[in-house]
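Chemist: Before I ask anything, let me first share the structure, which is written out below as structure tokens.
Nothing in this text is a laboratory measurement; each read-out follows from the coordinates by a stated rule. Fair warning: this is a prediction, and the values are worked out from it, not measured in the lab. Using ideal geometry, Cβ is built from the backbone for each residue, glycine included, and neighbour counts are taken over all protein chains shown.
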Amino acid sequence: MQAERFIERVGFAACLLDSRHAGPSLYVAVCGRRDAIMPRNVQKDPESSHTWMLKDETVRRGRVYYGKLTRGKAMFLAPRVVSYFKALWGMPRREEKKRLSRAALAVLRVLRKEWEMGTADLRAESGISDRKAFTIAIDELQAAMIVVPTEVIYRPKFTYLWGLAEERFPEQLSRRINRQTALREVARCFLGGAGLTVPGELARVTGLSRPDAGLGNRALVKEGYAEMLSPGTYRLTSFL
């Protein structure tokens, strides 16, 4: 599938962001042009619709990671980078009771018992009657890389199926990676595709803090993979 090959090549990508936003995007790849701008009426735009269909199919196949990660950013992750993102944003199981909200823990208890469930059934089983509270809980679990959407269903009515991330990516999510390595490899992934990064760009694309983004980029300079042109501006050593 071309979408999966694209994500594997770039490492991580947004879904429906256009050229006004930094970083790789499935929508821009579908458009096939660097200046792609999302129209206001996306429902009638064939490129937006095709991107959405590819997203649904990619989620169903489960060969790349998809979810709302840090700062609510919906992102695709190639399997090769999942462990790095988990090291930076994931949550150890021993810390779940301390860090997750009561609603998120209720949803998680149900999913650990049932493994996969649609939105309405999951709300009912977890005892969360308020739709907004449920959405916040699901987003919290996605940001912690614990829960992912596993399928999108349109008939008889629109809904997501939800499941545990560890079921789809057990090896990647169980791998132990130290934070310094994860910062370096996320920075490598971005710079390898962009060739050049300007101040604040890596932080905006990934959700890293600026100090952490700087640590990752400087680690690449240390090993000779990149060079620093000025504070915050880095270039791939082989970039022409």
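Chemist: Top mean-square fluctuation among 180, 172, 43, Gaussian network model of the chain, C-alpha springs under 10 Å?
Modeler: 43
Chemist: Let me ask you something else. Which one, 134, 105, 161, projects farthest toward the positive side of the charge dipole computed for the range 90-164 from Cβ point charges (K/R +1, D/E -1)?
Modeler: Farthest along the dipole direction, towards plus: 105.
Chemist: Return the loop-located chymotrypsin sites (Phe, Trp or Tyr not before Pro) in the range 95-204 (DSSP other than H, G, I, E, B) with at most 15 other Cβ atoms within 10 Å of their own Cβ; answer none if there are none. Before the final figure, lay out the partial values.
Modeler: Working: sites: 115, 134, 154, 158, 160, 162, 190; in loops: 115, 154, 158.
The qualifying sites are 115, 154, 158.
Chemist: Net charge around residue 158, counting only other residues with Cβ within less than 15 Å of its Cβ (Lys, Arg = +1; Asp, Glu = -1)?
Modeler: +3
Chemist: Got the relative contact order for the chain handy, in percent, Cα pairs under 8 Å and 6 or more residues apart?
Modeler: That works out to 18 percent.
Chemist: OK, next. Please give the helix 46-61 orientation as an angle from the longest Cα principal axis of the chain, in degrees from 0 to 90, rounded to the nearest 10.
Modeler: The angle comes out at about 70 degrees.
Chemist: Only Cα pairs under 8 Å and at least 6 apart count here; give the relative contact order of the range 93-174 as a rounded whole percent.
Modeler: On the way: 88 pairs, mean separation 24.0, N = 82.
Value for the range 93-174: 29 percent.
Chemist: Separate question: Could you work out how far the C-alpha centroid of the range 94-116 sits from that of the range 1-38, in angstrom?
Modeler: Their Cα centres are 32 Å away from one another.
Chemist: If the limit is 31 Å between Cα atoms, which of 68/113; 55/113; 97/157; 44/157 go over it?
Modeler: Those over the limit are 97/157.
Chemist: Would you grab the residues whose amide H sits under 5 Å from the one on residue 118? Only those 5+ places off in sequence or on another chain, please, with H modelled 1.01 Å from N.
Modeler: Here the answer is 162, since their amide H atoms fall under 5 Å of that of residue 118.
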